[in-house]
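Visitor: Here it is, the structure, as structure tokens.
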Amino acid sequence: MDIANLPPKPDLQSGEPRPPGAPLDPNNSKPGRRRESAISKAPQPPAGEGRLLEWFYPDRSTRFIAGLFGSLVVLAVYVIRDWGFSWIGNIWLWLIALPWPFVFLLAGRNERMSAGADWLAYGKDVFVKTYELTSVKVFIDGPAPAIEMLDRHGAGLRVKTFVLQQNHELWDLVYNGILHSVHVGGAETNKRARDYLLLEFPPHLRA
């Protein structure tokens, strides 16, 4: 790739020009956006970094409903397995089925994230410089791909790609940093990252 064709790095304060749309997971069809009311819960950058431009914090009701659906799936398995409701008196089976809404609520707290022109913050204490990555790799982590990023300061994270894509504009900022790290900085990649993230031929740079 001719690095002269890479979209420019946005200004640290204004965030302009915004990078073009990054490729999304094929199963990601819903529009992703930040929740305006959640900015107070978004991770803040360390002092001296560019301003926060995009953020995401999962809605509590959405997480609770997802967990409730998980509980219903477990209960459905019980019914199918026993061809009825003979399991109802088994308290241990209820203890397996009922906690999922609360598990999802607690787990979702770690999915708060924010991004600036050249950084990504995830959870309470993970902060990486997206234009200074030394390694970008994708792995199959359970049923979904996960991206692993390490920067030259020794910071890193591993997160499901669909999580980062819950705010499409945030993902655009991160992806542009990944492109620069790979094609300008020479960050190490694996084949799955090159194929899944379209690093060699990003859609907006194809002839």
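A short reminder: the numbers here are calculations on the coordinates, not readings from a lab. In this text, all values refer to a predicted model and were calculated from it rather than measured experimentally. Here the Cβ positions follow ideal geometry from the backbone for every residue, glycine too, while neighbour counts run over all protein chains shown.
Visitor: Once you place label points 7 Å from the Cα toward the Cβ at LEU72 and GLU49, how far apart are they in nm?
Guide: Reported label-point gap for LEU72 and GLU49 is 3.9 nm.
Visitor: Expressed in whole Å with the largest first, what are the equivalent ellipsoid semi-axes of region 137-189 derived from the C-alpha gyration tensor as the square root of 5 times each eigenvalue?
Guide: 19, 14, 10
Visitor: What FRET efficiency would be calculated for the residue pair ARG152, SER40, taking the C-beta separation as r and a Förster radius of 35 Å, to the nearest 0.05?
Guide: For R0 = 35 Å, the calculated efficiency reads 0.65.
Visitor: Can you pull the one-decimal nm distance between simple spin-label points at ILE140 and ILE80, each 7 Å off the Cα toward Cβ?
Guide: Distance between the two pseudo-spin positions: 2.2 nm.
Visitor: May I ask you to compute the full-extension gain from VAL184 to ASP125, defined as 0.36 nm times their residue separation minus their alpha-carbon distance, rounded to one decimal in nm?
Guide: Taking 0.36 nm per residue and subtracting the Cα distance, the gain is 18.5 nm.
Visitor: When Lys and Arg each count +1 and Asp and Glu each count -1, what net charge do the other residues less than 10 Å away from ARG152, Cβ to Cβ, add up to?
Guide: That sum, taken over residues with Cβ under 10 Å, equals -1.
Visitor: With θ set to phi - 60° and the Karplus curve 6.51 cos²θ - 1.76 cosθ + 1.60, what are the ³J(HN,Hα) couplings of region 138-150 in order, to the nearest whole Hz, using x for Gly and Pro?
Guide: So the J values, rounded to whole Hz, are 10, 10, 7, 10, x, x, 9, x, 10, 9, 10, 10, 10.
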